[in-house]
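K.L.:
Have a look at this one.
Bear in mind these aren't lab numbers, they're just calculated from the coordinates by the rules spelled out. Keep in mind that this is a model prediction, so the values were computed, not measured. Ideal geometry is used to build each Cβ from the backbone, glycine not excepted, and the neighbour counts take in all protein chains shown.
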């Protein structure tokens, strides 16, 4: 499908629906991509994407990784003009009070091209009715700036009062 033929649509209300969103990133030096809200991806391409960003904690157990992704409440992917998987975000949610943005990753050549922003926008649109959207990320300045630009606040920065965020890693 040619990018000029794509239609911009809001995120679907139901998981598993297949939608596309045109992105004006096919001009200049920005790589073109499309957003999909479906579970249409192969285990091999998911593993390749996670390996491209060095997430070895996930790639050590490929079957566990793909089972986790396929069991997620919502998955949104980005593909380049050739159909290659270049980004993915996944959510675990009760669809009422909490949306946990478990993973968001973008293949390095596409970082800074708007892919991550488009993925997060799809998640926040899909879960706009949910009170809390939460994520845990690495302690890197670039990630902090990205999430703050997307409207997220670090746990100690909440107003009117700070909250505490706890995590148990195994």
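K.L.:
Pull out the extension gain between residue 47 and residue 136, defined as 0.36 nm times the separation in residues minus the alpha carbon to alpha carbon distance; nm, one decimal.
P.N.:
30.0 nm
K.L.:
For the peptides 94-103, 127-136, what is the packing order when you average, over each peptide's residues, the other Cβ atoms within 10 Å and list the highest mean first?
P.N.:
Sorting 94-103, 127-136 by mean packing, highest first, produces 94-103, 127-136.
K.L.:
Rule-of-thumb check for the stretch 23-115: C-alpha Rg over 2.2 N^0.38 Å?
P.N.:
1.09
K.L.:
Given 0.36 nm per residue, what is the gain on full extension from residue 67 to residue 167 after removing their alpha carbon distance, in nm?
P.N.:
Length gained, residue 67 through residue 167: 33.8 nm.
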